[in-house]
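Undergrad: Mind having a look at this structure? Questions to follow.
What follows is calculated from the coordinates using simple rules that are stated; it is not laboratory data. Just so it is clear, the structure is predicted and the values come from calculations on it, not from any experiment. Quick reminder, even Gly has a Cβ in these numbers, built from the backbone with ideal geometry, and neighbours come from all protein chains shown.
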Amino acid sequence: MSPRIPKHVAIIMDGNGRWAQRRSHPRIFGHIRGASRIRKIVNEADTLGIRALTLYAFSTENWGRPEEEKSLLWKLLIKFLKKEEGELAKNNVRLRVIGEVDRLSPEVRAVLDPAIERLSGNTGLQLTFAVSYGSRKEILRAAEAFARECAEGKRKPEDLDDQLWGNFLWTGDMGELSDVDLVIRTSGEYRVSNFLLWQSAYAEYIFIEKCWPDFAPEDLRRAVETYSNRDRRFGALTPGPKLSALHQELPA
Ligand code: FPP
């Protein structure tokens, strides 16, 4: 039987700073090495048949980091886009960002926006960078937008269901791919860190000890293999023979 491939994989690329510090390098060295990992992982995701890959590149909390580190992270994003856009186009990859894009600098937007636009017609792997992203912020913004539409008489509170709510989130235009199947976090930390809380309601989680700069295509392949062996029941039960036998023994 062919393995079950997760449609949407989201990765918390954690541990860049520790990776560098363990090698007596400044933290930013870890980010540089971490950024250089992205291309291989995107290609591997595509090869495996994953349809959407979301990478947590900068959280709303990361604004609190030193200026030097933040400015390097933005430079790395710009460099990635300039260097990789051709390859992404060749591989039919569509690019998105989710997060508070309005907080990004004009320099970042000047490279990011046109790249997104140029790749917007692609129908292959959906690659999303979460930048200035925080799930609580995303949910609050969605609540505000929905409440405004109600106040304007465009919607009624009782219209709200899972699907409509999903449309108000930053992943709203991803359709059936907006739900995350597998979340991977590197660096041995066992936290969710405000990442895709609504979208990962039924996701499987895999925590990997390696730091992001060491995360390799075979680690992604192994994670997908582990995922494909897990039994996802979405809260339901598959009654096995033992369970039905037990029912027969219960008094009527
Ligand atoms: C977490 O490591 C990682 C980040 C905050 C940023 C992730 C960024 C990259 C992989 C490179 C740049 C991105 C793009 C899109 C080209 P950490 O610094 O929190 O590590 P630590 O927990 O060891 O301190």
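Undergrad: Run lengths n ≥ 4 of DSSP H only: what is the helix-derived mean residue ellipticity at 222 nm for the chain, with -39500 (n - 2.57) per run over all residues, to the nearest 500?
TA: -14500 deg cm²/dmol
Undergrad: List the longest stretch of the chain that has no exposed loop site; here a site is one of the trypsin sites (Lys or Arg not before Pro) assigned by DSSP to anything other than H, G, I, E or B, with at most 10 other Cβ within 10 Å.
TA: That gives 1-153 as the longest site-free run.
Undergrad: Sequence gap at least 6, Cα distance under 8 Å: using those rules, report the relative contact order of the range 1-135 to the nearest whole percent.
TA: In percent, rounded to a whole number, it is 30.
Undergrad: Let me check I have the definition right: for the chain, take the eigenvalues of the Cα gyration tensor, multiply each by 5, take square roots. What are those semi-axes in whole Å, largest first?
TA: Those come to 33, 26, 18 Å.
Undergrad: When only Cα pairs under 8 Å and 6 or more residues apart are kept, what is the percent relative contact order across the chain?
TA: Worked out over the chain, it gives 28 percent.
Undergrad: May I pose another question? Which loop-located chymotrypsin sites (Phe, Trp or Tyr not before Pro) does the range 155-234 contain, where loop means any DSSP state but H, G, I, E or B and the Cβ has at most 11 other Cβ atoms within 10 Å?
TA: When the chymotrypsin sites (Phe, Trp or Tyr not before Pro) of the range 155-234 are filtered for loop state and at most 11 Cβ neighbours within 10 Å, 190, 234 remain.
Undergrad: Which aspartates and glutamates does residue 40 reach when only Cα atoms under 17 Å apart count, and residues fewer than 8 places away in its own chain are ignored?
TA: Within the straight-line limit of under 17 Å, residue 40 reaches these aspartates and glutamates: 14, 84, 85, 87, 214, 218, 219.
Undergrad: Next up: Kirkwood Rh over Cα pairs of the range 50-156 into Stokes-Einstein at 4 °C, 1.567 mPa s: D in µm²/s?
TA: 85
Undergrad: Still on this structure, I have one more. Suppose we keep just the alpha-carbon trace of the range 1-111; what are its Rg and Dmax in angstrom?
TA: Every Cα atom of the range 1-111 included, Rg and Dmax give 15.3, 51 Å.
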